[in-house]
Amino acid sequence: MDESRVRGMYDRFSSIPWFWEVDAWTCRATARSPYRSRLIGRLRLDAASTVLDVACGTGLNFDLLQRAIGNSGRIVGVDNSPGTLELAHRRVTRRGWSNVELVEADAAGYRPTERFDASLCTFAIDIIPRWRETLSMMINAVRPGGRVGLIGFAESSREGLAVVNRAWRAAAPWFGGELDRPVRAEVRAVCHDVSEEAVFGGFYYLLAGTTPDTH
């Protein structure tokens, strides 16, 4: 699925008032998701850290990031869907955050003008069409020794879940997802101090690593 189709799909989702609530409830992807908080904890942020949130969507990571970086830190959220960015803008305005910048752009083509302390992409790296370019951008956008974090999709290796795996694989294309991308291998090939955890019955993974000292 190309960028324009993904953009259009998520714009349509954003026009349905209840869509994100149902999605969050069924997929454990809410702003209070334990998976988001676990991943953000592995980014090793502190007060005044700068963070790039790739495919930020409606801004579900922002509250957790704000707790980690405080008012002195800064968040840049990038997404290619105007509809979801409008919801993110409303969230930022409602919370009175002055340290969040929202950018409408395809992640693969985004070229930040600064280097961040960390970058993350949650529940999207297996949807973004040009994911290799996006992953490269995320790593290059982070200072040497900074952190990169991902929540991605996977098939479960648990016994007795073969039927669920088949259903998961059949459903993934509906929202633009692919389960066979070697995202984790590519992160391990570039980053060090990499940690990985299977969650949500093995259907999601949390991955965090440290960027090279020179890149």
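Every read-out reported here was derived from the displayed coordinates using simple, explicitly stated rules and does not represent laboratory data. Computed from a predicted model, the values in this text were never measured in an experiment. Using ideal geometry, Cβ is built from the backbone for each residue, glycine included, and neighbour counts are taken over all protein chains shown.
For this structure, a couple of remarks:
- Put simply, when 181-191, 143-153, 198-208 are sorted by average Cβ atoms within 10 angstrom per residue, most first, you get 143-153, 198-208, 181-191.
- Rg and Dmax [Cα atoms of the range 32-96; Å; Rg one decimal, Dmax integer]: 11.4, 31
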